[in-house]
1. Net charge within 14 Å of Leu85 by Cβ-Cβ distance, Lys/Arg positive one each and Asp/Glu negative one each, not counting Leu85 itself?
2. Compute the signed sum of charges (Lys and Arg +1, Asp and Glu -1) over the other residues within less than 14 Å, Cβ to Cβ, of Leu244.
3. Which residue, chosen from Pro94, Tyr23, Gly64, occupies the Cα position most advanced towards the positive end of the dipole of the chain, where the dipole is computed from +1 (Lys, Arg) and -1 (Asp, Glu) charges on Cβ about the Cα centre?
4. If Lys and Arg each add +1 and Asp and Glu each add -1, what is the summed charge of the other residues whose beta carbon sits under 13 Å from the beta carbon of Trp172?
5. Taking each full run of DSSP H in the chain as one helix, which ones are at least 27 Å long along their axis (Cα atoms) and have mean Kyte-Doolittle hydropathy of at least 0.0?
6. Report Asp154's accessible area, 1.4 Å probe, all protein chains in place, as a number in Å² to the nearest 10.
7. Residues of the chain: accessible area per residue at 1.4 Å, in Å²?
8. Let me know the charge dipole size of region 16-96 about its Cα centre in debye, to the nearest 20, where only the beta-carbon of Lys, Arg (+1) and Asp, Glu (-1) is charged.
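The values are calculated or read from the model by the stated rules, or taken from the named source; none is laboratory data. Computed from a predicted model, the values in this text were never measured in an experiment. Every residue, glycine as well, gets a Cβ built from its backbone with ideal geometry; the counts of neighbours run over all protein chains shown. Protein only, heavy atoms only, side chains kept; ligands, DNA and RNA dropped before computing areas. Shrake-Rupley method; radii C 1.70, N 1.55, O 1.52, S 1.80 Å.
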Amino acid sequence: MNGITIPPANQLLRLPGAVIKIYREPWRAHTERTALQQLAKAGIPAPPILGADSLGTRPFLVLGHLPGTTADRTEAAVRRALTYLHTVHQLTGPAYGRLNAPTAGSWSGYLHQRLRSYRDALCHHQLPAVARTAQRVMDRALPEPTAPCLLHNDPEPTNFLLADDAIIGIDWELAIYGDPDLDHARAGHAFRVRPTRLREILTDLAIPHSIDALHTYSTVHILGRLMSAVTANPPDRAAAQLYLNALTTQSIP
């Protein structure tokens with residue numbers, strides 16, 4: 001590999017029967033490996049780990065290639081994704097936070113930490129009104145689940161593979177231990193499901209949820225996405241405007 005420059009972003013190298021995923025930061029590799037090991041132990045469909053190593057400071061995993069097509073945004077697909085996530089949420093961890101370092105003793109404490117980072121970044125990028133929204137969410141009594149459940153934390157349609165009757169979750173590098181309703185709220189946004197319909201689907205699937213928590217996490221999701229857009233290098237102005245519009249069209253807690 002001498003003389004080969006690996007770009008700073010994650011890189012995927014596709015081989016017959018396998019994918020090599022080179023991570024831009026070590027914690028991402030640790031998180032994905034931990035999540036995949038838990039899923040494999042529980043028999044939940046996910047990419048198998050075939051090997052692991054590093055290229056200099058860049059860790060990588062060799063993952064088994066799985067057949068299937070990326071989920072679309074139909075209601076049938078979101079139902080399958082929510083059912084899959086509900087199974088994942090039965091797995092728990094030692095504390096709250098990212099899988100590479102779950103150290104928060106409470107979920108509300110972890111959320112406060114994240115919201116403070118959103119508030120400070122948004123203030124720094126001259127978005128004081130949105131920073132105040134983050135502060136208002138922090139000032140509320142935040143949800144507190146009974147256990148730190150395994151969350152995918154990025155349940156985009158592209159992170160689910162559909163194959164016959166099976167559904168497979170992929171890309172676990174952002175996984176955390178937390179409240180399942182955060183995954184539900186993020187999935188609702190990703191699959192473009194109206195909040196009222198999301199609640200109806202969760203009820204129909206007999207998946208426990210809290211209306212107040214879903215509403216709070218919807219705002220947390222948008223704030224996080226907005227923060228990522230404005231702090232990107234270069235800033236993603238189109239995405240930032242999209243999330244700014246989303247904040248103005250929903251009722252903020």
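1. -3
2. +2
3. Selected residue: Tyr23.
4. -2
5. Span-like helices here: 211-231.
6. Using a 1.4 Å probe on the heavy atoms, I get roughly 30 Å².
7. Values: 12510 Å² over 253 residues.
Accessible area per residue: 49 Å².
8. Working: 9 positive and 5 negative charges, 10 e Å.
Value, rounded to 20: 40 debye.
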